[in-house]
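To start, the structure itself, in structure tokens.
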Amino acid sequence: MKRVLRIMKTFATVYYAYMVEYRAELLLWVLSGSLPIILMGVWTQAAQRSDFGLSPVEFARYFLAVFLVRQLTVVWVIWEFEREVLEGKLSFRLLQPIDPVWHHVFSHVSERLARIPFAILLIVLFFVLYPTAIFVPNIATIALFFLAAGLAFALNFLIQYTLAMVAFWTERASSLQEFWFLFYLFLSGAIAPLVVFPQTVRTIALFTPFPYLINFPASILVGLPVNLIQGFLVMLAWCAGFFALNRWLWRRGLKQYSGMGA
Amino acid sequence: MGRYFKILRIFWSTAIAAELEYRINFAIAAFTSLGGLAGSLFGLFLFYQTGSSFPGWRWEEALIVVGIFTLLEGFSSTFLAPNLNRIVRHVQEGTLDFVLLKPISSQFWLSAHTVSPWGVPDIFFGTATIVYAGIKLGIDPVAYIVSIVPLVFGLAILYSLWFMLGATSIWFVKIYNVTEVLRGLLEAGRFPMAAYPTAYRFFFTFVVPVAFLTTTPAETLLGRSGIAGTIAAGLLAIALLFVAHWFWRFALRFYTSASS
């Protein structure tokens with residue numbers, strides 16, 4: 001137990017230091033997540049002309065929440081893992097007495113901590129520019145939001161790490177990720193809150209993991225109606241499913257792994 | 001000039017030969033492109049579902065904007081992204097030295113060295129969308145040819161902005177993702193400018209000229225913008241091409257090779 005704690009502390013500090021080194025790069029990553037802000041403009045404008053069930057201010061808040069959720073749950077493990085497999089760098093990681101996934105987990109988590117100040121700065125700037133959208137959620141909502149966002153990050157990471165396993169068999173696993181990303185983009189609630197989806201599409205979407213990655217946490221934060229218990233249970237079920245699949249593929253993949261180039 | 005065409009042919013035939021090793025990827029790229037188009041249409045449909053619309057844009061007219069956007073995406077993933085995103089790596093690893101030593105323009109080499117066929121499905125589906133909407137609206141065939149002019153200007157604007165951002169890596173080595181910021185902002189081209197609030201419209205016309213990339217060609221195709229939009233796009237395109245060229249020469253003065 002003590003050993004685990006020590007390893008965790010070392011990993012966290014090392015990767016945090018590494019992330020903070022490239023602050024300018026980090027700021028650019030934050031800015032590249034501008035899609036929710038663009039869509040916020042389109043939706044607030046559209047809501048002024050006709051009735052979509054939400055007021056312009058509600059749309060603005062929703063997309064601000066989407067921006068925040070995306071900042072908290074962004075995952076890039078597949079590109080790193082693909083490179084490690086193709087260049088044979090995974091071999092060195094396999095020699096260490098710890099599962100290689102922890103390197104990725106800690107680099108993602110510590111990047112989050114380094115990124116938050118920039119995201120908060122942008123949110124403050126947003127409220128200065130658009131003061132009518134200011135709202136203060138209560139403590140319970142905030143706690144639930146961070147719980148949901150944390151779980152969304154875990155699910156996102158598990159899904160992408162599972163897709164990354166394909167790198168053992170093919171050279172371009174990341175093209176699979178691009179295909180997956182399309183569904184993520186259009187079904188997760190990143191382009192519009194699920195309440196404005198047509199009934200059938202919404203029902204189908206709720207059977208996939210996508211809406212829980214963005215729409216669910218964002219809706220919690222801005223107070224749109226969601227089924228809390230069902231949402232959390234579905235997320236846990238998807239997490240468990242992808243975890244099992246991931247471990248199975250990992251074991252099979254390692255047998256396949258030839259350590260090319262190392 | 002003829003020499004450049006010959007070099008271009010050699011560059012591109014090697015690049016395509018290399019990429020054709022991954023044929024399954026082409027199938028995946030086609031699927032991804034089709035899925036992307038379906039998603040874009042769905043995103044647009046959400047605004048039109050309850051009889052609502054963007055002011056002054058009927059469904060088919062807005063479809064043309066989506067088509068042009070898809071076309072531009074295909075163009076940038078075929079010609080721009082594989083070349084311009086590599087400038088950063090050349091600077092970082094010092095391989096820009098070899099490019100500079102070659103007896104041709106280094107800007108040409110960096111901008112045209114490779115081509116990636118993965119954007120071709122996007123170009124195809126984008127064109128199909130434009131033609132479909134055009135037939136529905138009964139657009140005159142001549143209008144297509146006329147609208148190619150602002151479209152080419154749009155491509156030149158996009159190229160110049162992208163190239164200049166890539167060139168800034170001479171000063172700030174580790175900023176390969178600055179182009180991702182540009183790409184994120186280009187997403188605004190999915191919708192006609194009329195869909196945006198005034199502040200956004202100002203930003204997307206004068207700061208990041210997304211308006212000239214999709215809305216202006218679409219308006220020309222629909223025969224409603226007159227010549228003014230095209231002229232503005234043309235002036236901007238020519239100015240930016242010159243600035244990009246000058247900027248590259250200026251940046252090179254600060255280049256201090258790495259690792260050699």
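What follows is calculated from the coordinates using simple rules that are stated; it is not laboratory data. Because the structure is predicted, anything quoted here is derived from the model rather than measured. Here the Cβ positions follow ideal geometry from the backbone for every residue, glycine too, while neighbour counts run over all protein chains shown.
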Quiz prompt | Test item: A:41-51 mean partner chain Cβ contacts at 10 Å | solution = 6
Practice problem: Go through A:216-223, B:98-105 and give me the packing order, highest mean Cβ count within 10 Å leading. | Solution: A:216-223, B:98-105
Self-check item: Spatial separation of Cα centroids for region A:175-252 and region B:166-237, in angstrom
Solution: 32 Å
Quiz item: What Kirkwood hydrodynamic radius, in Å, does region A:46-143 give when the mean of 1/r is taken over all pairs of distinct Cα atoms and then inverted?
Solution: 16.9 Å
Quiz item: When the Cα atoms of region B:163-260 are enclosed in a convex hull and the volume is divided per residue, what value in Å³ results?
Solution: 113 Å³
Practice problem: Express the Stokes-Einstein translational diffusion coefficient of chain A in µm² s⁻¹, to the nearest whole number, given a Kirkwood radius over alpha-carbon pairs, 10 °C and a viscosity of 1.306 mPa s. | Solution: 80 µm²/s
Practice problem: Mind putting together the pair-distance distribution for chain B? All Cα pairs, 5 Å bins, whole percent per bin, short to long. | Solution: 1, 6, 12, 16, 17, 16, 13, 9, 6, 3, 1, 0, 0
Self-check item: Coarse-grained scattering of region B:1-48 at q = 0.16, 0.29 Å⁻¹, given as base-10 log I(q)/I(0) from a Debye sum over alpha-carbon atoms
Solution: -0.66, -0.95
Quiz item: So what's the Cα pair-distance distribution over region A:1-92, bin width 5 Å, in %?
Solution: 2, 11, 12, 13, 15, 13, 10, 8, 7, 5, 3, 1, 0
Quiz prompt | Packing rank of A:175-182, A:61-68, where each peptide gets the mean count of other beta carbons within 10 Å, highest leading | solution = A:61-68, A:175-182
Practice problem: Would you mind ranking B:187, A:21 so that the residue whose beta carbon has the fewest other beta carbons within 10 Å leads the list? | Solution: A:21, B:187
Exercise. Largest first and in whole Å, give the semi-axes of region A:87-126's equivalent ellipsoid, each being the square root of 5 times a Cα gyration tensor eigenvalue.
Key: 34, 9, 5
Exercise. From the C-alpha gyration tensor of region A:74-196, pull out the three semi-axes of the equivalent ellipsoid (sqrt of 5λ each), sorted largest to smallest, in whole Å.
Key: 34, 18, 13
Quiz prompt | Average partner coverage of A:179-191, which counts Cβ from other chains inside 10 Å | solution = 4
Quiz item: Can you give the mean number of other chain Cβ atoms that lie within 10 Å of the Cβ atoms in peptide B:33-40?
Solution: 4
Exercise. Please pull out the direction-averaged projected area of the protein assembly as shown, using the convex hull of its alpha-carbon atoms, in nm² to one decimal place.
Key: 26.5 nm²
Quiz prompt | Mean-position separation - Cα centroids, region A:29-58 and region B:1-48, in angstrom | solution = 31 Å
Practice problem: From the P(r) of region A:165-255, can you give the percent of Cα pairs sitting at distances over 18 Å? | Solution: 54 percent
Quiz item: By counting other Cβ atoms within 10 Å of each Cβ, how are B:256, B:230 ranked from fewest to most?
Solution: B:256, B:230
Quiz item: Roughly speaking, what % of Cα-Cα pairs in region A:217-262 are separated by over 13 Å, rounded to a whole number?
Solution: 69 percent
Practice problem: Using a 10 Å cut-off on Cβ atoms, rank the peptides B:146-154, B:208-216, B:106-114 from the highest mean neighbour count down. | Solution: B:208-216, B:146-154, B:106-114
